[in-house]
Structure formats: structure tokens, C-alpha cells
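K.L.:
Got a structure for you, questions after.
Laboratory data are not the source of any read-out in this text; all were calculated from the coordinates shown. All figures in this text were calculated on a predicted structure; none of them were measured in a lab. Methodologically, a virtual Cβ is constructed for each residue, glycine included, from the backbone with ideal geometry; neighbour enumeration extends over all protein chains shown.
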Amino acid sequence: MTASFSSLALKKELISTLDSLGYSEMTPIQQQALPVILAGDDVIGQGKTGSGKTAAFSLGVLSNLNVKRFRVQSLILCPTRELADQVANEVRRLARGIHNIKVLTLCGGMPMGPQIGSLEHGAHILVGTPGRILDHMGKGRIDLSELNTLVLDEADRMLDMGFQDALYSIIQEVPTDRQTLLFSATFPAEIKNIASSIMKKPEMIKVASTH
Ligand code: ADP
Ligand code: MG
């Protein structure tokens, strides 16, 4: 099995960005997950911190994106602001060859005013914590009718943070024909229940060691 990103059906601007970032080889979880993600199938991924999960789902998000359509196309949910910021930074790094892409971070604990203003300007990709995202949705500030990709990153930690109800409420409002990518370090019953109720024939990908 080749470990080069160029073996994948990725947009050429993504291939050249990966090259310029020095991502010369896929990590093991990327090797297993990316072909499935790029085929449009749902994935449940389990792998240690640092195994490259963020880039794996971000490349899926960016592959599903039509930048000319200025609507929210992906929603990436994270347990904390720190993680959401890290994820948004990685998405922006990987997206630097895509002109005019707008990635917006929406987290709890941050002032509402700037978020409301940013939402009025619009975005392609939203990254945030479930409580704040749901808050904006409840006020009619987020239109998810054109969402094609939903990512749950560190799903077990989102449950630890008490976001289970918020997650289910958000998921009820997103199109059913989306792709769902779920990552979690552990798989307690609650995660298995979420996965089986919101995902379509997900492929389980588990990588024990880091690269
Ligand atoms: P995880 O979410 O699995 O904990 P990250 O996605 O944050 O891990 O990746 C850890 C680090 O590895 C990040 O700094 C990221 O930029 C880097 N990275 C990811 N994929 C690759 C790759 N294929 N080649 C080189 N570095 C990579
Ligand atoms: Mg991660």
C-alpha cells in the first residue's frame, strides 16, 4: 500500500498544499480512513492523539466543499475552544490553496457580538462547541440546509463535557444525506448509540500506534 497523498483522488490544490506543508506521507490512520472518507462513506475513527485525525477529516471536508457556493457546507463539532481553535487552524492551513474560503469558529465562553456579525457575513465551514452552535441555531443565525459533512471530533470528550443533548438537537437539524465522520479515543455505550443512530453503515477504523 502506497502512503503518498498523491495516490488519492484529492483536488490538485490540496495535493500541492500537503506537499508544501511537508506532509509527504500519510499517517496510518490517514492511509486507512482517507480512501473511505473520499469515497463519501461514513467513518468512525479511533487513534491516539497526534495520529493525524484532524487532517484526515479536514481533507474530507475540503474535498466535499464547493467554494463558489457561499453556504455552510461543513460543521465540525469539538469539545473545547482550544480544540476548536486547533482544528480551525489545521483546516485553514490545508485550505490555503483554495481562494476565498471562509472558516468560522464559534465557541462558548467567547463574546456573542463578533460571532453574530461573522455569521451575518457567512461561512463555508463552521468549527465550534455544541452548546454555542446550538444557541446560534436556535436564534436562526445558522442555515445548515446545504450541509454535506458533519464531523464529531473527540466525541467521548464532548459527552464528558455534557454535550449529549446539544449534539442530538444539532443532528436533528442537519440534512440526512450528509456524510458523518466521528472520532473518539474511547467507545463507551453512549458513543456506540450515537454512532448507530446518526451514521449510515459507518466503517470502523482503528489505529493503535502513532506514526
Ligand atoms: P490527532 O487529531 O490525531 O490528535 P493531529 O491531526 O492534530 O492529531 O496531528 C498531529 C500533528 O501531526 C499535527 O501537527 C499535524 O499538522 C501533523 N500531521 C498530520 N498529518 C501529517 C502527515 N501526513 N505528515 C506530517 N505531519 C502530519
Ligand atoms: Mg484530534
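K.L.:
Can you put Leu119, Leu134 in order, fewest other beta carbons within 10 Å first?
P.N.:
Details: Leu119 18, Leu134 21.
Ascending number of Cβ neighbours within 10 Å: Leu119, Leu134.
K.L.:
Okay, next question. Using θ = phi - 60° and the Karplus curve 6.51 cos²θ - 1.76 cosθ + 1.60, what whole-Hz ³J(HN,Hα) does each residue of region 97-103 get, with Gly and Pro shown as x?
P.N.:
x, 9, 6, 6, 7, 10, 10
K.L.:
A follow-up question, please. Report ³J(HN,Hα) in whole Hz for each residue of region 134-143, in order, from the Karplus equation J = 6.51 cos²θ - 1.76 cosθ + 1.60 where θ = phi - 60°; Gly and Pro get x.
P.N.:
Values per residue, Gly and Pro as x: 5, 4, 5, 4, x, 8, x, 8, 10, 9 Hz.
K.L.:
Which residues' amide hydrogens lie under 5 Å from the amide hydrogen of Leu106, considering only partners 5 or more residues apart or on another chain, with H built in the peptide plane?
P.N.:
The answer is Val127, Gly128, Thr129.
K.L.:
Taking the DSSP beta bridges in region 26-207 as the whole, what percent of them are antiparallel, to the nearest 5?
P.N.:
Details: 0 of 24 bridges.
That works out to approximately 0 percent antiparallel.
K.L.:
Further question: I need to check one value: relative contact order of region 26-207, counting alpha carbon pairs closer than 8 Å and at least 6 residues apart, in percent. Could the numbers behind the result be given before it?
P.N.:
Working: 316 pairs, mean separation 60.2, N = 182.
That works out to 33 percent.
K.L.:
When a footprinting reagent is the concern and you count Cβ atoms within 10 Å, what order do His99, His136 take, fewest first? Let's see the in-between values first.
P.N.:
Values: His99 8, His136 17.
Ordered from fewest to most neighbouring Cβ atoms within 10 Å, His99, His136 come out as His99, His136.
K.L.:
Using alpha carbon centroids, what distance separates region 49-106 and region 136-211, in Å?
P.N.:
15
K.L.:
Right, here's the next one. Could you name the lysines in cross-link range of Lys53, using Cα to Cα under 25 Å and dropping any fewer than eight places away on the same chain?
P.N.:
Lys11, Lys12, Lys102, Lys192, Lys200, Lys201, Lys206
K.L.:
Among Ile101, Ile198, Ile133, what is the fewest-to-most ranking by other Cβ atoms within 10 Å? Can you show the working numbers first?
P.N.:
Values: Ile101 17, Ile198 20, Ile133 27.
With the fewest neighbours first, Ile101, Ile198, Ile133 line up as Ile101, Ile198, Ile133.
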